[in-house]
1. Among the residues in region A:63-86, are any touching a Ser or Thr at 6+ places or on another chain (Cβ under 9 Å) and not in a helix (DSSP H, G or I)?
2. Would it be correct to say that B:THR11 is under 25 Å from A:GLU427 (Cα atoms) and in contact with a His (Cβ under 8 Å, 6 or more places away or on another chain)?
3. Could you pull out the residue among A:GLY235, A:GLY240 that is touching a Pro at 6+ places or on another chain (Cβ under 9 Å), in a loop (DSSP other than H, G, I, E, B) and more than 12 Å from every other protein chain (Cβ to nearest Cβ)?
4. Applying the selection to region A:367-399, what residues are among the polar types (S, T, N, Q), open to solvent by less than 40 Å² (accessible area, probe 1.4 Å), touching a residue at least 40 places away in the same chain (Cβ under 8 Å) and closer than 18 Å to A:SER239 by Cβ?
5. From the set of residues in region B:125-136 that are touching a helix residue (DSSP H, G or I) at 6+ places or on another chain (Cβ under 8 Å) and free of Cβ contacts under 8 Å to residues at least 24 places away in the same chain, which is farthest from the other protein chains (Cβ to nearest Cβ)?
6. Can you tell me which of A:LEU143, A:LEU124 is modelled with pLDDT under 95, surrounded by 20 or more Cβ atoms within 10 Å (Cβ to Cβ) and farther than 26 Å from A:GLU34 by Cα?
7. Suppose we filter A:GLU182, A:GLU217 for residues that are open to solvent by 60 Å² or more (accessible area, probe 1.4 Å) and in a strand (DSSP E or B); which single one remains?
8. Hey, does region A:153-168 have a residue that's surrounded by 19 or more Cβ atoms within 10 Å (Cβ to Cβ), closer than 30 Å to B:GLY107 by Cα and touching a His at 6+ places or on another chain (Cβ under 7 Å)?
Amino acid sequence: MIRLQTLAGNRQVNALLQRETATAVRELLPIPYEWWSEDEVKGVQKELRRLRLYSKGLDGDFGRFTDLGLVEAFGGDSWRSMEYDAVLAALKAAKRPVGKGHDLRYAELFKDGVLDISLGMGYLEEINPETKRPYLLDLLDELGAAFKAKGYEEDLEKAARIMKEAGRPLGESVFGRFFVKENALTYRPPAGEARPIHVVIRLIANPSGTEGAKASEAFIEGMTQGDVAYYSGHGRYGSGPDFDPNFAKFTLFNENGTVKFETERYEKLEEVLAGEHPRRTAWQQFVWRLENKKIAVELRNAGNLRFAAKNAHPGEFGGKLIYWAMEQTKTGPITGEGGRLAKEATAHPERKYRVLVFDGCRTSDYEKHIRSTGGFDTVSTDLIQTTRTVGFYAEAEAFTGFVDGIIKQYSAEDVIAGMNSMMRKYETKGRSAHEAKPFAGSGLSDNPGR
Amino acid sequence: MDVTEAVAGLTDPDRRREAARVVAATRDRSFLPAVVEALDTRAEASIVPLVETAEALGGAEEALRLAASADPGDRYLAARLIDLVGDDRHLAALEQLVSDGDPSVSGAARRALAESERTEAWHEVVERLVASADEELASTAARWLSAGSRGPGVFTAE
């Protein structure tokens, strides 16, 4: 250094060192976009706006929405290591999307080459009158056949390999059935290279009623770590998804200790209790029987994912009973700041976006609880939910309609329209008296446009 | 709310009570299948308005008539109506229907019988079923008789 100073002078050496330091820092932190000037960021924002991937102001500030827009433009993170000129050129060459509405954030869903969908089939107490079998068993058979017809194979090992290659190895439990379709779609981001995407569907259900805890854990994994978590089942009076029957049995006793009545259905229990006493409501009679040791209640709610802290339907016997049952087993809410969902979402910062679907009566009650949870705001989570009572027989079709829409990369509105079309055709075997469309989206307005 | 709207409203938790009142006021038994269908819909709502409507429409008497029908669809409806509004008058019909050749009918009838009030007449019927040549039915009936062995309390199912 001294020799150099002698030869070139202090001033020249200092200037050289400053240049070298700047280059060295850039080499140590190879994040080109962090070096973009305000004008350069404005140039990128302008192109993103043209592509409808950015709807904020041209402020030259590289923030969350500029980042999100670039991810969608390039279909992932490839732009992060590109120089400014190359990024801008690719954006300028990209074609503006055609059509109307909003896109789901397909780049986030597809960027690791796999679309993984956790399909949670909630516990259904009903018997299919046509087959005399539990309706849930028929539904699981129907789904298995539908996946096979669409080219999926049930293969746990293949699913595990694909997920591992995507950097998201399956958890320890691997509860559920895994259906795989390799190269199910080709993803063509506007400014990035086209590439094939595999689809893995994890079917989570507990038809025996005895594995509720495993099923609910698997669904939490899907909600916090997966691309899509889709629940189909009872809304349980807005309390949350449920993978077991809540109640195994109610037994009412006579004064002399003999059995008066026994049922597995809380609806039936209400009917009987409502007729027992001239001045007590069904709920008051339930409490009276508890206090006077005239009832046996067998709880089974390890499969409850409680979203709501408070009962939104306090005037209804069923709602009161379900919340009472969760209090007995100290089943607390998993939503809200500091709740389990927020903690697990925070533990997986790589998961920046997800789609959640809820198909069931009163699942629209879930929304406010989900939105109050860290990591589930409208930018990081799109919701599709039923907004009215839904009948049987369209569960499998609504789900396959959803998957078809995603594979074809329809706009979010068209994905939902496809699901509603399936409901119109199949709900209550095409005899539904409802005119209103059941599925609606939430959180879509801040998505990329078309 | 007109009757058409009311029939649709039977499946809607928010409209069921009012809808049931409108349907009940018709006193028209042809609406009984719609009441049963609402019972089978994936709606989380009280079934008490449906019970009251089925009673107002003469569901108890209609169930006795339908139970003797040659049409399995009628017999299924009978079993479902007994589940809703049945009492000891329907035990003889249920005793027949639990062995019905149509599985949907026998399934619905078994459920209705299992969840009927356990009167003296109920015990007589079920004790006869325990002696049935149909082993599955006999063991099911025996299970009904053994209910409540743990006594009162709140338990977590194993």
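The values are calculated or read from the model by the stated rules, or taken from the named source; none is laboratory data. From a predicted model like this one, the values you see are computed outputs, not experimental measurements. Because the Cβ atoms are built from the backbone with ideal geometry, glycine has one as well, and the counts that use them run over all protein chains shown. Each accessible area value is taken on the protein alone, full model and side chains, heavy atoms only, with ligands, DNA and RNA left out. Shrake-Rupley method; radii C 1.70, N 1.55, O 1.52, S 1.80 Å.
1. no
2. Answer is yes for this residue.
3. That would be A:GLY240, the only listed residue that is touching a Pro at 6+ places or on another chain (Cβ under 9 Å), in a loop (DSSP other than H, G, I, E, B) and more than 12 Å from every other protein chain (Cβ to nearest Cβ).
4. Selection gives A:GLN385, A:THR386, A:THR389.
5. Restricting attention to region B:125-136, the residues satisfying the condition of being touching a helix residue (DSSP H, G or I) at 6+ places or on another chain (Cβ under 8 Å) are B:125-132.
If we keep only those that are free of Cβ contacts under 8 Å to residues at least 24 places away in the same chain too, we end up with B:126-127, B:130-131.
Working: B:VAL126: 11, B:GLU127: 14, B:VAL130: 16, B:ALA131: 20 Å.
The extreme case among them is B:ALA131.
6. Numbers: A:LEU143 fails: modelled with pLDDT under 95.
Result: A:LEU124 is the single residue among A:LEU143, A:LEU124 that is modelled with pLDDT under 95, surrounded by 20 or more Cβ atoms within 10 Å (Cβ to Cβ) and farther than 26 Å from A:GLU34 by Cα.
7. So the residue among A:GLU182, A:GLU217 that is open to solvent by 60 Å² or more (accessible area, probe 1.4 Å) and in a strand (DSSP E or B) is A:GLU182.
8. Among the residues of region A:153-168, not one is surrounded by 19 or more Cβ atoms within 10 Å (Cβ to Cβ), closer than 30 Å to B:GLY107 by Cα and touching a His at 6+ places or on another chain (Cβ under 7 Å), which makes the answer no.
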